[in-house]
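Below: one structure, written as structure tokens.
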Amino acid sequence: MLSETVLALSNWQMTLTSLLHYVFTPLTLGLSLLLVVLEIRLILKQDASLKPTIQFWARVFAIQFVLAMSTRLLVVIQYGVSTSFFARFIGDNFALPIAIESISSFFLISALFGPFWFGWNQLSDKQHALVTGLISLCLHISALWLISAYAWLDNPSAVSFNPLSLRIETEDSWQLLNPPELGQHSLHAIGLAYAIAAGFILSICAWFKLAQPGHPISQHSQSVAAIFGIVSVLALSVHGQTEALSLSQRIQQNTLRGVDNQSLLPEIQQHIRTGLDAYRALKTWREDEKNAPLAASFNQQKADVGYAMLLKRWLSKIETASDTHIRLAAESILPSHPLALFWGHKSLMPMGVISLVIFALALLPTAKFNGVLLSALPINALMVAIDLMIQHCLHQAWLVDGVLPRFIAYSSLSTSEQVLAGGFYSLALLTTMSLSVFFTLHIIRSQQICGAPS
Amino acid sequence: MNLDYESLRILAWGILLFALIGFAISEGISLGSCALLTLVCRNPNERNILVATVAPSLYLQQSWMLALIAFIFAAWPLVYAVGFACLQALILPLVAAWLIRPFSLVLANALNEKWRSTFDKILSYSNFLAILGLGLILGNVIKGIPFHLDDEMHIVFLGDIWALINPFTLLVALCCTGLIVFHGALYLQLDHRVPFADSCRSLALKAGIAFLISFILISLWLSRLEGYHINSEILTQAPSNPLLKFVKRGDELWMDNYQHQFTLWLLPTLVLIGGGLGIWFNQKQNHYAAFLGSCVAVACSVLTAGLTLFPFLLPSNRSLNTSLSIWDASTSQANLSLLVPIAGIAFLMMALISRWSYRMPNQLTAAKPQSSCSQHPH
């Protein structure tokens, strides 16, 4: 069993990588859309004053793009470095949409970035707008593939445990790529992405406007950001929780509604006991593979083997689990700090309203609210951060819902190895994030609005 | 796709080799060119020209690495899990190079000369370390990694970083360094007008010779090195479970495939021919032919390694039976049925698009000095 220190460090490493990736990828989504709108406007209106604004946002986009790509590799590597058991046990099912995305839309984005960034002089306005549009389209397709992969973790379908390979294997690949509630997950994730991107753009516009009223960057970009923001916040508020189906979804719903989950403990314990029976049947069957009744018994109950694995936190031989161990295991999957999660969830609504008001104020042709508009980024960033933390805490127990407890998924590293790895990745991520902030502020402060490229 | 499990595994292995070749050629260009930045460029103008040569296709080259890793994760999850869990210390330099490259090549132009120069040095050294890391990884894959899979298939790494660094792996790292520096130096000369062409030519000659000599030494060593052989019945249609076989280790077993299939000797021969032609054409200043020669050397080096190891993917030198082969480390048949045709087409398209992209530097950027008040977004 891994020490608590290794578990905590592994958790920290995964969380940091994912958090940074989820922050900068949304910015690339939103900024790419903004660039598409501005470049189309340039073509339709033939307004040369738009070009410096477009090139300014292109530089900001390039920084976020660089960081998103950097953290992307770290995310893909982390699953092998930090959670090698997960990668071996079930990871290929999760990786299937990621692999398809990497060899298709991600590659196209990478190929198109060269013409986008270096082709200002050589490509015509229409050609460059086409390249930007394709990048934006591919970014969104990539996002949908990734959302599909993460949505599957919350509701693993179309897979079952194979006792011969001791892995979870796919039964239906097409269903795997189209998990239940993919639409909900997509709407929520894209809505969050646009909200933070719109807040980011609006804050920068407000900063320029405060420095110089009528600044061209604000003039051309503010209304676009405001409309994005309004649409995204409305999408987030319209999207609601569907009828909870699985046990985990009911636990999450209860927590967010402030309902005590203690009433679900007997059901959870029953799942653990069923899983234990399946585990015992599996162990016996591996010694006597011709025993058909044992195989049948295992197949009937194997869906709950993941619940039995919860006992590994206290026992290496889980067959000897007592009622106390089963009770402890059942309690371990309930979210810790339910009050914080409840109030955090409650706070999202007023923050959404404030965000909506800020975006609406941005549409008004008055300079009175410039100071308020500056808060668009902090408010939306806070809203997104709280939402991400809530989701993370609700899924704290399981890496794959009902199948693989998080603590089992981690690699068998020593404390020193985990400290070294965690230290390197933390330093790398924080350094790249600092560089990103540095370059973004450098561009904004220098206000290097380029003239027509030569 | 209604192919049996055995055929799907073979096809997936073929796609893996193809992806490795694409990665080696593409990432080899990035690594080699960036490592040479401080060696061949004598002033900021030359530096800008080198950056203009490499930067437009930077992300495309790097995307081969990501595509390869994602494909291995989806198609060979045990290989992915064991490889990253056990070799992470050697992978760190590659990760560092990946992180630094875009900042240095794409964004650092916005900074003053002093900061740019600092970024350039960091870029150069980190890419050299990454090349060494790649070589050490390859050397360990051939020699065997000290790992074990227990009854419940938890991966246990039985060594440490020092167990991964030994004379054989260091020789492979040297060979890798020679090859990638050779490859990068030849790529940089494709536009013969670049002012650092002479420096690149001289470096390419030295690196090419070092590569050929070290390749010959590795081949001789490999003929004596302990190899691995599956001693039990090979279950090509069975679910993936490495614990169901017996593996033996013995001298000269890596030469088994060459003894059974004589035509395989063509591959190391082509490595030497490709490398030799690359050096010769480099001296004759026929840059395109020289670069093609190095591509042949790179591709055949990958094929040589892959076919020498076949059917193994990651042998274990401590727990022989848990060595991973193509028959017991793959994903499920259902996943392969979907992934193989998609990946087959996609990697081919990637290769074609990559080929087109290498025309980009000449078409997109003018090789001229960077002015202090840039009229370009960067």
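The values are calculated or read from the model by the stated rules, or taken from the named source; none is laboratory data. Bear in mind that the values here come from a model prediction, so they are computed numbers and not experimental data. When we count neighbours, we look across all protein chains shown, and the Cβ atoms used for this are built from the backbone with ideal geometry, even at glycine.
Please find, among A:Ile196, A:Ile168, the residue that is within 14 Å of chain B (Cβ to nearest Cβ) and crowded, with 21+ Cβ neighbours inside 10 Å.
Working: A:Ile196 fails: within 14 Å of chain B (Cβ to nearest Cβ).
Only one candidate qualifies: A:Ile168.
Take the range B:303-338 and flag every residue that is more than 12 Å from chain A (Cβ to nearest Cβ) and free of Cβ contacts under 8 Å to residues at least 24 places away in the same chain.
None; the set is empty.
Could you please let me know if B:Leu60 is within 9 Å of chain A (Cβ to nearest Cβ), under 25 Å from A:Phe118 (Cβ atoms) and assigned to a helix (DSSP H, G or I)?
Details: within 9 Å of chain A (Cβ to nearest Cβ): yes; under 25 Å from A:Phe118 (Cβ atoms): yes; assigned to a helix (DSSP H, G or I): yes.
It is true that B:Leu60 is within 9 Å of chain A (Cβ to nearest Cβ), under 25 Å from A:Phe118 (Cβ atoms) and assigned to a helix (DSSP H, G or I).
Which of the helices (runs of 4 or more DSSP H) found entirely inside the range A:49-135 contain at least 3 residues meeting this: of a type in the set (Phe, Trp, Tyr), in contact with a Ser or Thr (Cβ under 8 Å, 6 or more places away or on another chain) and within 7 Å of another protein chain (Cβ to nearest Cβ)?
Working: elements: A:50-81, A:84-89, A:91-102, A:105-118.
In the range A:49-135, A:105-118 are the helices (runs of 4 or more DSSP H) which contain 3 or more residues that are of a type in the set (Phe, Trp, Tyr), in contact with a Ser or Thr (Cβ under 8 Å, 6 or more places away or on another chain) and within 7 Å of another protein chain (Cβ to nearest Cβ).
Of the residues A:Leu276, A:Leu245, A:Leu234, which is among the hydrophobic types (A, V, I, L, M, F, W, C) and at pLDDT below 80?
Among A:Leu276, A:Leu245, A:Leu234, only A:Leu245 is among the hydrophobic types (A, V, I, L, M, F, W, C) and at pLDDT below 80.
Please specify each residue of the range B:105-155 satisfying the condition of being part of a helix (DSSP H, G or I) and charged (D, E, K, R).
Taking the range B:105-155 first, the residues part of a helix (DSSP H, G or I) are B:105-110, B:113-143.
Result: B:Glu113, B:Lys114, B:Arg116, B:Asp120, B:Lys121, B:Lys143.
Under 18 Å from the mean Cα position of the chain (by Cα) and not in a helix (DSSP H, G or I): does that describe A:Pro213? Let's see the steps before the verdict.
Values: under 18 Å from the mean Cα position of the chain (by Cα): no; not in a helix (DSSP H, G or I): yes.
Criteria not met by A:Pro213.
Taking B:Ser301 as meeting all but one of (1) closer than 15 Å to B:Ala74 by Cβ; (2) at pLDDT 95 or above, write down the number of the exception.
Looking at each condition in turn, B:Ser301 falls short on (1).
In the range B:242-262, what residues are more than 11 Å from B:Ile230 (Cα to Cα) and not in a helix (DSSP H, G or I)?
Residues satisfying the conditions are B:Gly250, B:Asp251, B:Glu252, B:Gln261.
Among the numbered criteria (1) over 30 Å from B:Leu78 (Cα atoms); (2) surrounded by fewer than 24 Cβ atoms within 10 Å (Cβ to Cβ); (3) at the interface with chain B (Cβ under 10 Å from one of its Cβ atoms), which single criterion is violated by A:Gln46?
(3) is the only condition that A:Gln46 fails.
B:Ser124 - would you say it is farther than 25 Å from A:Ser105 by Cα, more than 9 Å from chain A (Cβ to nearest Cβ), of a type in the set (Ser, Thr, Tyr) and more than 19 Å from the chain's Cα centre (by Cα)?
On the way: farther than 25 Å from A:Ser105 by Cα: yes; more than 9 Å from chain A (Cβ to nearest Cβ): yes; of a type in the set (Ser, Thr, Tyr): yes; more than 19 Å from the chain's Cα centre (by Cα): no.
Answer is no for this residue.
So B:Ile165 clears everything in (1) more than 14 Å from chain A (Cβ to nearest Cβ); (2) surrounded by fewer than 19 Cβ atoms within 10 Å (Cβ to Cβ); (3) touching a Cys at 6+ places or on another chain (Cβ under 8 Å); (4) of a type outside the set (Ser, Thr, Tyr) except one condition, right? Which one?
Here B:Ile165 meets the rest and fails (3).
Output the residues belonging to the range A:147-178 that are in a helix (DSSP H, G or I) and either among the small types (Gly, Ala, Ser) or in contact (Cβ under 8 Å) with a residue 60 or more places away in the chain (or both). Before you say what the answer is, go through the steps one by one.
Within the range A:147-178, the subset in a helix (DSSP H, G or I) is A:147-154, A:173-177.
Correct list: A:Ser148, A:Ala149, A:Ala151, A:Leu153, A:Asp154, A:Ser173, A:Leu176, A:Leu177.
Hey, B:Ile180 hits all of (1) surrounded by fewer than 22 Cβ atoms within 10 Å (Cβ to Cβ); (2) closer than 19 Å to B:Gly276 by Cα; (3) modelled with pLDDT of 95 or more but one; which does it fall short on?
Failing condition for B:Ile180: (1).
Quick one: which of B:Leu222, B:Leu190, B:Leu186 is buried (at least 23 other Cβ atoms within 10 Å of the Cβ), touching a Phe, Trp or Tyr at 6+ places or on another chain (Cβ under 9 Å), of a type in the set (A, V, I, L, M) and on the phi < 0 side of the Ramachandran plot? So that I can check it myself, show each step before the final result.
Details: B:Leu222 fails: buried (at least 23 other Cβ atoms within 10 Å of the Cβ); B:Leu190 fails: buried (at least 23 other Cβ atoms within 10 Å of the Cβ).
Being buried (at least 23 other Cβ atoms within 10 Å of the Cβ), touching a Phe, Trp or Tyr at 6+ places or on another chain (Cβ under 9 Å), of a type in the set (A, V, I, L, M) and on the phi < 0 side of the Ramachandran plot holds for just one of B:Leu222, B:Leu190, B:Leu186, which is B:Leu186.
B:Ala67 is checked against (1) at the interface with chain A (Cβ under 7 Å from one of its Cβ atoms); (2) under 28 Å from A:Arg88 (Cα atoms); (3) touching a residue at least 60 places away in the same chain (Cβ under 8 Å); (4) more than 15 Å from the chain's Cα centre (by Cα) and fails just one. What number does that condition carry?
Only one criterion is unmet by B:Ala67, namely (4).
Just to check your reading of the model, which residue among B:Ser214, B:Ser232 is at pLDDT 95 or above and closer than 30 Å to B:Ile326 by Cβ? Don't jump to the end; show me each part of the working.
Numbers: B:Ser232 fails: at pLDDT 95 or above.
Just one listed residue meets the conditions, B:Ser214.
Answer yes or no: is there a residue in the range A:404-417 that is of a type in the set (Val, Ile, Thr), closer than 30 Å to B:Gly83 by Cα and at pLDDT below 90. Even if it seems obvious, please write down each step before you answer.
Residues of the range A:404-417 that are of a type in the set (Val, Ile, Thr), as a first pass: A:408, A:415.
Restricting the remaining residues to those that are closer than 30 Å to B:Gly83 by Cα gives A:408, A:415.
Filter again for at pLDDT below 90, leaving A:408, A:415.
Yes; the residues of the range A:404-417 include at least one that is of a type in the set (Val, Ile, Thr), closer than 30 Å to B:Gly83 by Cα and at pLDDT below 90.
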